[in-house]
Structures are given as structure tokens and as C-alpha cells.
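I have placed the structure first, in the form of C-alpha cells, so that the comments after it can refer back to it.
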Amino acid sequence: MNKQNWLREHGLILLTGVVVGIAALALTALGNPKNMGFCIACFERDIAGALGFHSAAKVQYIRPEIIGIVLGAMVAALAAKEFKAKAGSSPACRFVVGLFVMIGALVFLGCPLRMVIRLGGGDLTAVAGLLGFLAGILVGVVFLKKGFSLGRAYPVPTGEGFMFPGVMAVLLVLLAVFPALLKFSEEGPGSMHAPLAVSLIAGLAVGVMAQRSRLCMAGGLRDVFLLRDFNLLLGFLAIWITVTIGNLILGNYNLSAVSQPIAHSQYLWSFLGMALAGWGSILLGGCPLRQLILAGEGSGDAAVTVLGMIVGAAVAHNFGLAGNADSVVDGVYKVGGTSPAGMAAVVFGFLVLLAVTVTHLPRKEAAQ
Amino acid sequence: MREKQLRLVLAFHTTAEAMATEKLCHDHGLKGRLISVPRSVTSDCGIAWSAPLCLRDTLEAMLAEHGVQTAGSYEVML
């Protein structure tokens with residue numbers, strides 16, 4: 001394949017990766033927490049906190065990036081006549097799987113997108129998460145090959161498809177016009193954010209680009225393992241390379257496994273947390289970012305999944321399941337990580353995913 | 001460099017239907033392979049079946065016989 005054809009085929013996904021990477025760098029420079037320019041899991045957790053679904057005071061803020069991603073995807077889908085209201089693909093299972101994807105991600109301290117952004121900041125603790133994510137996806141792919149399916153979605157009235165973007169629009173109005181109704185962190189990651197307009201524009205840009213290119217962290221790896229198709233993976237790599245170069249230029253690159261921002265070095269549970277997120281993402285047909293894009297395109301099933309993730313974030317913080325970052329206390333480096341309750345939740349999550357998987361495999365007589 | 005050619009692309013509602021198609025084609029000795037659904041076909045990121053155009057009727061008959069639903073068939077340069 002000549003260079004021109006290669007660029008025509010892969011240019012959009014590469015450009016999307018670069019846009020996401022630049023947006024992440026810009027958001028961090030303008031106030032978002034370090035190595036957290038974008039994190040779908042963290043941002044949905046902040047939204048859950050801002051709405052009072054959990055009471056972890058350090059992680060409460062309506063993140064305009066999430067609103068922007070959904071609305072950007074909706075606008076792009078409408079413009080391309082790809083907005084399709086549909087639903088009905090095992091919504092209850094999607095809610096529960098989304099909940100455990102969130103718990104897995106919060107045990108690791110980041111969604112697959114933040115995992116790449118952490119790697120781009122030189123955070124070597126994220127390697128355990130990457131390996132776990134790969135393992136989880138491989139498990140999911142094995143079951144896809146065996147015929148796993150949550151069932152098809154069916155067309156529904158158009159209004160159903162606009163419901164979730166509508167909820168996002170209401171959140172934006174609350175944030176911009178009625179902030180007194182919301183909770184805001186006064187310290188910690190939730191208190192660190194770029195200006196509202198910048199966050200919203202960055203989210204819109206990522207939403208539009210990701211809708212056009214179908215960027216998906218889980219889908220990229222699934223396609224490699226299942227189809228030997230590397231197109232979506234190029235977006236994943238473009239984000240990593242862009243963030244790495246940007247951090248090197250800005251002097252923010254710190255290649256190390258200690259003292260990384262909002263990260264812990266409890267490697268086993270980083271691995272297992274992201275394995276849970278990876279397996280769940282394959283069952284759901286996409287990573288947390290992709291679920292936002294699909295919800296913006298009118299998928300009621302993806303909307304239910306995102307709601308499951310938001311509830312999962314609340315559960316994670318109300319029951320002390322989320323990971324704690326490594327810290328320095330009185331000059332002593334203290335390894336963070338997850339609590340026994342968090343470990344139990346991850347193990348239980350694997351059992352739940354196994355139950356969902358097994359009950360959605362073709363019956364023997366149907367498979368023959 | 002492989003020349004692009006017009007291929008039959010079958011899209012599905014679920015990944016399971018794509019997998020079932022692969023198995024049926026393998027069992028019946030029909031050429032084709034699983035691919036990521038071309039962007040020109042849909043914004044979904046599912047899996048499709050790519051086959052030579054001449055197999056359209058054979059494939060459609062076989063899938064109907066085995067109750068495998070497609071979400072559409074397309075002719076795409078691949």
C-alpha cells in the first residue's frame with residue numbers, strides 16, 4: 001500500500017488520536033489534574049460526586065468534557081445522518097457490567113484512555129494496568145469467538161435517542177447557571193479543572209472526532225486479536241505518542257514508577273482492575289469513551305451503560321472500593337492501592353462478568 | 001501491494017452473527033474473512049464478513065437457511 005492510500009485509510013484515526021492527545025495536554029496545562037487531561041472514569045466519578053451520589057469531597061465536579069463528548073458525538077452523528085435511536089440489547093446486564101467496569105477502572109485509578117495518558121507521562125505503574133487491560137480483552141475475545149452476545153438493539157422512537165444528550169445538556173445548564181445546586185470539591189482532583197469553556201470545547205472536539213473515526217481503546221485491541229486489523233489501535237498509539245512528545249516538550253515527562261500523580265504502585269490490583277475493565281468493555285462492545293460516543297449517537301443501551309458506570313463510581317466511593325494514590329506522609333513514601341473491600345469487589349466483578357458471559361453464550365443446540 | 005477490489009460486505013446486528021457466519025462459511029468451504037465493518041457502511045464498530053461478490057446468492061441462501069440475520073449487504077472496495 002502506498003503512502004497516500006495508507007494515509008487515506010488511517011489518517012482520520014491518527015488525527016483523532018493526535019487531537020485527543022493535544023486536548024489532554026492542554027486541559028492539564030490549564031488546570032486538570034496531572035496525567036488526567038481526559039479520564040472518562042474519573043470524570044464520571046466527579047459528576048456522580050457533584051450530584052451528591054457519593055460524598056467523597058475531593059472528587060466532586062460536573063466535568064464539561066463528558067458533556068462535550070456526548071454532545072459532540074450527537075452533532076457529528078446528526079450531521080452525517082448517522083444518529084439512530086435504538087435500544088433493547090440486554091440493558092440490565094449492560095448496567096451491571098458498566099458498574100463493574102467502573103469499579104475496575106477506579107481500583108486502577110483511570111479508564112483505558114487515562115491509562116494511555118498516564119503512560120504518555122512516563123508513569124510506569126500504568127504498565128500493570130496495560131497488561132491487565134490486554135489480558136481482559138483477550139478473555140473477552142475468547143468468548144466472542146464462542147458466540148457471546150448481549151443481543152441486538154432495535155430501532156426506538158427518536159426521542160429515546162435524544163434523552164441522554166438531553167441529560168448532558170441539563171447538567172451543562174446546572175453547571176453554568178445554577179452551580180449552587182451542585183457540589184464542588186475545594187481540594188483534591190475534583191477541585192482541579194480547566195476553565196468551563198475550554199473543557200467543553202475540548203470535549204466537543206473529541207466527541208466529533210471520535211464519532212467520525214470510531215476511536216475505541218478496547219475495540220482497537222479487540223480488532224488486533226480477532227481480525228489482525230490495526231486501524232483503531234493506531235488511534236490508541238497516536239494518543240500515547242502525542243502525549244509523550246507533549247510532556248517531553250512541556251517538561252512534564254517523568255519516567256518512573258514512584259511518585260506518579262494520582263497513581264498507585266499496587267501492581268497486582270492495577271492489573272486485575274484493568275483486566276476487569278477490559279473484559280467488561282469487550283462484553284459491552286466498547287470502552288468507556290466509546291460508550292459516551294454511542295450514547296451521543298442515540299444508543300439507549302450505551303446510555304444505560306454510562307448510567308451504570310456513574311452508579312459504579314458512586315458505589316466505589318461510598319463503599320471504599322476505589323484505589324488510593326501513593327503519597328508521601330511525613331517524608332515517608334506510602335504505597336496506596338485498594339482496600340480489602342476493593343479487592344473483594346474486583347473478584348466479585350469477575351464472577352459477575354463470568355455469569356453474564358456464560359448466560360449469553362449460544363445454547364449447544366443453537367450453536368450446532 | 002494488494003490491489004483493491006469490489007467485495008461483498010455483510011454487516012450484522014451482533015458479533016455472534018458474524019462469528020456464526022465465519023463458522024458456516026468454513027464448514028461449507030466458502031471463501032471470505034471477518035473484517036472490521038468499513039466506516040463507509042456504518043458508524044458502528046462491529047464485525048462484518050467480507051466475501052467475493054460472486055458468492056452473494058450462495059451466502060444469502062445459506063444464512064437464511066441457518067437463521068443468521070444480516071443488517072445489510074454492501075459492495076465495497078477493499
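The values are calculated or read from the model by the stated rules, or taken from the named source; none is laboratory data. On a predicted model such as this, the values are computed, not experimentally measured, just so you know. Neighbour counts run over all protein chains shown; Cβ positions are idealised from the backbone, glycine included.
A few comments on the model shown:
- Of the residues in the range A:45-64, none is buried (at least 24 other Cβ atoms within 10 Å of the Cβ) and closer than 15 Å to A:Arg290 by Cα.
- Of the residues making up the range A:41-86, those that are farther than 26 Å from A:Ala24 by Cα and touching a Pro at 6+ places or on another chain (Cβ under 9 Å) are A:Lys84, A:Ala85, A:Lys86.
- Of all residues in the range A:223-248 being touching an Asp or Glu at 6+ places or on another chain (Cβ under 6 Å) and part of a helix (DSSP H, G or I), the one that is farthest from the other protein chains (Cβ to nearest Cβ): A:Leu232
- Criterion violated by A:Gly220 - all others in (1) touching a residue at least 24 places away in the same chain (Cβ under 8 Å); (2) within 14 Å of another protein chain (Cβ to nearest Cβ) satisfied: (1)
- Taken over the range B:35-50, the residue count meeting the criterion of being outside any loop (DSSP other than H, G, I, E, B) and more than 8 Å from chain A (Cβ to nearest Cβ) is 3.
- Just one of (1) of a type in the set (Gly, Ala, Ser); (2) out of contact with any helix residue (DSSP H, G or I) (no Cβ under 7 Å at 6 or more places or on another chain); (3) more than 8 Å from chain A (Cβ to nearest Cβ) fails for B:Gly32. It is (2).
- Restricting the range B:9-29 to residues that are surrounded by fewer than 21 Cβ atoms within 10 Å (Cβ to Cβ) and among the small types (Gly, Ala, Ser), the residue that is nearest to the other protein chains (Cβ to nearest Cβ) is B:Ala11.
- Restricting B:Leu6, B:Leu78, B:Leu53 to those that are out of contact with any helix residue (DSSP H, G or I) (no Cβ under 8 Å at 6 or more places or on another chain) and either among the basic types (Lys, Arg) or away from chain A (no Cβ under 11 Å) (or both) reduces the list to B:Leu53.
- Here B:Leu63 fulfils each of the conditions (1) more than 14 Å from chain A (Cβ to nearest Cβ); (2) among the aliphatic types (A, V, I, L, M); (3) under 26 Å from A:Gly296 (Cβ atoms) apart from (3).
- Of all residues in the range B:31-40, exactly one satisfies the criterion of being over 12 Å from the mean Cα position of the chain (by Cα) and in contact (Cβ under 8 Å) with a residue 24 or more places away in the chain, namely B:Ser40.
- For the range A:137-149, filtered to residues that are surrounded by fewer than 21 Cβ atoms within 10 Å (Cβ to Cβ) and in contact with a Pro (Cβ under 9 Å, 6 or more places away or on another chain), the residue that is nearest to the other protein chains (Cβ to nearest Cβ) is A:Gly147.
- Exactly one residue out of A:Gly323, A:Gly336, A:Gly280, A:Gly285 is of a type in the set (Gly, Ala, Ser) and within 14 Å of chain B (Cβ to nearest Cβ), and it is A:Gly285.
- Pair list, Cβ under 7 Å, 6 or more apart: the range A:199-213 residue under 12 Å from A:Val19 (Cα atoms) and of a type in the set (Ser, Thr, Tyr), other residue part of a helix (DSSP H, G or I) and modelled with pLDDT of 95 or more: A:Ser213/A:Leu12; A:Ser213/A:Ile13; A:Ser213/A:Thr16; A:Ser213/A:Gly235
- Within the range A:223-260, the set of residues being without any contact (Cβ under 8 Å) to a residue 60 or more places away in the chain and among the small types (Gly, Ala, Ser) comprises A:Gly251 only.
- A:Leu351 fulfils the conditions (1) within 14 Å of chain B (Cβ to nearest Cβ); (2) without any contact (Cβ under 8 Å) to a residue 60 or more places away in the chain except for a single criterion, (1).
- Only a single criterion out of (1) assigned to a helix (DSSP H, G or I); (2) modelled with pLDDT under 95 is not satisfied by B:Leu63, namely (2).
- Test: residue in the range A:261-271 that is within 14 Å of chain B (Cβ to nearest Cβ), among the aliphatic types (A, V, I, L, M) and buried (at least 22 other Cβ atoms within 10 Å of the Cβ): no
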